[in-house]
Amino acid sequence: MFSKETYISRRARLRELVNSGIIILFGNNESPCNYPANGYYPFRQDSSFLYFFGQNRDGLVGVIDVDNGTETLIGNDIDIEDIVWYGAVDSIKDMAEQVGVGNTAPMNELRNICDKAVSQNRKIHFLPPYRHDTMIVISDLLGIHPYKQKEVASLELINAVVKLRSVKEQQEIEEIERACEIGYEMHTLAMRLTKPGITEKFIGGQMTGIAQSLGAMTSFSTIFTQHGEIMHGCPSMEKLQEGRLVLCDAGAETINNYCSDNTRTYPVNGKFDNRQIEIYRIVEECHDYVLEAAKPGVKYFDVHLDMCRLMAGRLKEVGLMKGNTDEAVTAGAHAMFLPHGLGHMMGMDVHDMEGLGQIHVGFDKETRPNLEQFGTNCLRMGRRLEKGFVLTDEPGIYFIPALIDEWREKSLHKEFINYDLLETYKDFGGIRIEDDILITDDGCRFLGEKRIPYHPADIEEFMKNN
């Protein structure tokens, strides 16, 4: 938790951006696994509630009356039975005082607040819910069917939250740096453990243990797989094999719930072969290009497309692509190899604020997404960059057998893709290199004091000596 003044200031700025009405920010409840008392799923507070109210306990709701400036933390104090099992916790009043909120109320008061606002024809602002228990509560309080809540959620509140959370405070940057340091320990452990015969599941589990022992948890389900062509390949019981590449995409979340997200790809035996290094160097060059191009005032959409042209040009040199490079990228032929966008916002969510709607987070009135073209439609971040943004730089090249077969059968982009050569890469897998970057006054920089090895010579040296 940050200082009381941090949360007071954030809520004051939120009130300034939302003209009138009542703002309701729902915290999360516990998510039991297979029976009520089995809290197998770790509790994770809603990020926007955390941002404005700071308290990491289940069963809380924050209410801000924009018109009269009052703020209320709503929740029930735990009873003696809960204390017996889980220990004593701060009262709702104590928690409110810790974050500078002047009023408290039990949970049943929320209905009275909503009923009064509705009777006075006042606007009730809420964010798009993503948990079904919250949807049920909204339906009960406001009579809005769960299927319609996303479309009637307050756009005014969404835009205000995105504006505030997009530009990171110095203390937030420091938290993300801490997450990156934990991520460094996770990734370097995985590199040390990687060798033929070890299962993917074993290494993924060891990484999760690091995240939980040094922070709160992983920032998302760890991806560790020899099938790097699968974007979100979970660790399996498959044993690592000589001659294969492994793709490791993982991140940590700090105790204060800020995230990191890095990807590394390396050979199981610690030594790239000629074909692997040829493709790897293309991804490496694209990754490093972003570090030169990303700066305030530049559209990340433009950085993405420039990176795609660089990639397509290098794939032509290898012989996998052909024809005019600009025409190939405009047509979307490069998406055979890169079916996702260059990056996404980072912060309290590993895909920061994605639950509020990507069109509001990664785009704006000036920059709109291209939802029609395969590959480009998966770009999560396209808007102009601003100082204080934190985002990922994650180009990749993938050889997806099913996609190769489908495009070849349909003769898609045959003027730009050398399908005969591409056929020989079906056993390759995929390569991605990802780092978290901070937009600075005149450019950008890596986050995290320690750099997870990613240059080929550094990877091979690290794996040889560790």
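The values are calculated or read from the model by the stated rules, or taken from the named source; none is laboratory data. What you see is a predicted model, and the numbers here were worked out from it, not measured in a lab. Every residue, glycine as well, gets a Cβ built from its backbone with ideal geometry; the counts of neighbours run over all protein chains shown. Just the protein is used for accessible areas: all its heavy atoms, side chains included, with ligands, DNA and RNA removed. Shrake-Rupley method; radii C 1.70, N 1.55, O 1.52, S 1.80 Å.
Key figures for this structure:
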| quantity | calculated |
| --- | --- |
| Entirely in region 356-466, the helices (runs of 4 or more DSSP H) that have 3 or more residues that are open to solvent by 20 Å² or more (accessible area, probe 1.4 Å) and within 20 Å of R264 (Cα to Cα) | 456-465 |
| Helices (runs of 4 or more DSSP H) enclosed by region 36-110 - at least 1 residues per element that are open to solvent by less than 20 Å² (accessible area, probe 1.4 Å) | 47-53, 92-98 |
| Residue tally, condition outside any loop (DSSP other than H, G, I, E, B) and under 14 Å from the mean Cα position of the chain (by Cα), over region 218-239 | 2 |
| Within region 156-205, tally of residues that are among the basic types (K, R) and either assigned to a loop (DSSP other than H, G, I, E, B) or on the phi > 0 side of the Ramachandran plot (or both) | 2 |
| Flag for I173 being open to solvent by 10 Å² or more (accessible area, probe 1.4 Å) and either β-branched (V, I, T) or under 17 Å from the mean Cα position of the chain (by Cα) (or both) | yes |
| Single unsatisfied condition, M191 versus (1) closer than 30 Å to G270 by Cβ; (2) over 19 Å from the mean Cα position of the chain (by Cα); (3) open to solvent by 60 Å² or more (accessible area, probe 1.4 Å) | (3) |
| Test result for L291, among the aliphatic types (A, V, I, L, M), surrounded by fewer than 21 Cβ atoms within 10 Å (Cβ to Cβ), without any contact (Cβ under 8 Å) to a residue 40 or more places away in the chain and within 22 Å of I439 (Cβ to Cβ) | no |
| Residue check, E238 under 13 Å from E394 (Cβ atoms), touching a residue at least 24 places away in the same chain (Cβ under 8 Å) and open to solvent by 10 Å² or more (accessible area, probe 1.4 Å) | no |
| Region 224-235, residues that are free of Cβ contacts under 8 Å to residues at least 40 places away in the same chain and either crowded, with 20+ Cβ neighbours inside 10 Å or in contact with a helix residue (DSSP H, G or I) (Cβ under 6 Å, 6 or more places away or on another chain) (or both) | F224, T225, P235 |
| Test set (1) surrounded by fewer than 24 Cβ atoms within 10 Å (Cβ to Cβ); (2) of a type in the set (G, A, S); (3) modelled with pLDDT of 95 or more - A216 fails condition number | (3) |
| Some residue of region 261-272 being open to solvent by less than 10 Å² (accessible area, probe 1.4 Å), in contact with a Ser or Thr (Cβ under 8 Å, 6 or more places away or on another chain) and under 30 Å from F389 (Cβ atoms) | yes |
| Residue within region 319-338 that is under 30 Å from R131 (Cα atoms) and more than 13 Å from the chain's Cα centre (by Cα) present | no |
| From P129, P146, residue being at pLDDT 95 or above, surrounded by 12 or more Cβ atoms within 10 Å (Cβ to Cβ) and in contact with a Ser or Thr (Cβ under 8 Å, 6 or more places away or on another chain) | P146 |
| When residues of region 1-35 are limited to those that are crowded, with 18+ Cβ neighbours inside 10 Å and among the small types (G, A, S), the one farthest from the chain's Cα centre (by Cα) | G21 |
| Condition check for K365: over 26 Å from T325 (Cα atoms), among the basic types (K, R) and without any contact (Cβ under 8 Å) to a residue 60 or more places away in the chain | yes |
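Quick grid of which residues meet (1) without any contact (Cβ under 8 Å) to a residue 40 or more places away in the chain; (2) within 25 Å of L356 (Cβ to Cβ):
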position	(1), (2)
A117	no, yes
I144	yes, yes
V161	no, yes
V167	no, yes
E177	no, yes
C180	no, yes
M186	no, no
A190	no, no
L214	yes, no
